[in-house]
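Okay, structure first, notes after.
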Amino acid sequence: MLSQLFLGISLIGAEWVLYFLVLLSIFSVAVIFERALFYRSAARGLAEFRGQIRVFAAEQKWADAIQVAKSRVAETQKDGRARDLESEMALVLLTHPKASVDILGEVAHDAVSRARLGWESRLAVLATIGSNAPFIGLFGTVLGIMKAFHDLSQQVGAGAQTVTAGISEALVATAVGLFVAIPAVVAFNLFQRRVKVALGEAEALKSFLVGKLSQ
């Protein structure tokens with residue numbers, strides 16, 4: 001009885017799986033565009049900011065460095081721009097010049113960690129879609145093949161052409177699953193790499209400032 005129940009469900013075919021994959025594709029593309037715009041917004045003017053902070057810190061012009069950091073943080077909050085990983089961290093360090101090296105490292109880590117949440121947001125969604133879309137497509141293909149063979153058994157005198165046509169239609173689900181997965185995986189890897197590079201830059205600036213402040 002249970003097998004008949006599952007057989008009845010499988011005879012619906014793979015069409016609903018295709019619709020589901022299309023929805024996943026649309027959602028994946030939306031996330032990719034949102035993340036690309038986020039990283040572009042967060043990185044705008046960041047290299048110039050980093051250079052100014054390094055120059056002022058090297059020359060021990062702490063007031064100028066603080067002003068630059070405050071201006072960037074205020075501009076980010078005012079424009080609603082995505083937060084970078086360095087401006088708030090630099091401001092926190094520059095406003096705690098008398099703290100020990102350990103305390104400076106902790107407050108810097110706190111600032112970077114809070115900003116990092118925004119940088120890594122929704123990356124898990126892309127990873128999930130990229131890793132599971134092929135299996136969803138394969139599931140649709142299996143359903144389609146089962147339906148094709150069932151239809152063949154119900155048609156007296158039907159030949160191989162009937163079942164091959166059903167199988168070819170079922171294989172579309174696998175192709176669509178791969179089509180959905182590949183862009184999601186590529187985008188996830190690129191974005192993850194961008195986050196790692198940004199974290200590396202933030203760590204380098206933190207070490208530089210801590211070293212200058214502890215002199």
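The values are calculated or read from the model by the stated rules, or taken from the named source; none is laboratory data. Computed from a prediction, not measured in an experiment: that's the story for all the values here. So basically every Cβ, Gly included, is an ideal-geometry build from the backbone, and we count neighbours across all protein chains shown.
A few points about this structure:
- Residues that are surrounded by fewer than 21 Cβ atoms within 10 Å (Cβ to Cβ) and not β-branched (Val, Ile, Thr) within segment 131-146 comprise Ser131, Asn132, Pro134, Phe135, Leu138, Phe139, Met146, listed in sequence order.
Per-residue answers, yes or no, for (1) surrounded by 13 or more Cβ atoms within 10 Å (Cβ to Cβ); (2) assigned to a loop (DSSP other than H, G, I, E, B); (3) at pLDDT 95 or above:
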position	(1), (2), (3)
Trp16	no, no, no
Tyr19	no, no, no
Ala30	no, no, yes
Arg35	yes, no, yes
Ala42	yes, no, no
Phe56	yes, no, no
Ala63	no, no, no
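- Every residue from segment 97-122 that is surrounded by fewer than 13 Cβ atoms within 10 Å (Cβ to Cβ), small (Gly, Ala, Ser) and within 23 Å of Thr76 (Cα to Cα): Ser113
- Lone unmet requirement of (1) under 18 Å from the mean Cα position of the chain (by Cα); (2) surrounded by fewer than 20 Cβ atoms within 10 Å (Cβ to Cβ) for Glu201: (1)
- Number of the exception - Gln52 against (1) surrounded by 15 or more Cβ atoms within 10 Å (Cβ to Cβ); (2) among the polar types (S, T, N, Q); (3) modelled with pLDDT under 90: (3)
- Checking Lys196 against (1) modelled with pLDDT of 95 or more; (2) closer than 22 Å to Phe27 by Cβ, the condition it does not meet: (2)
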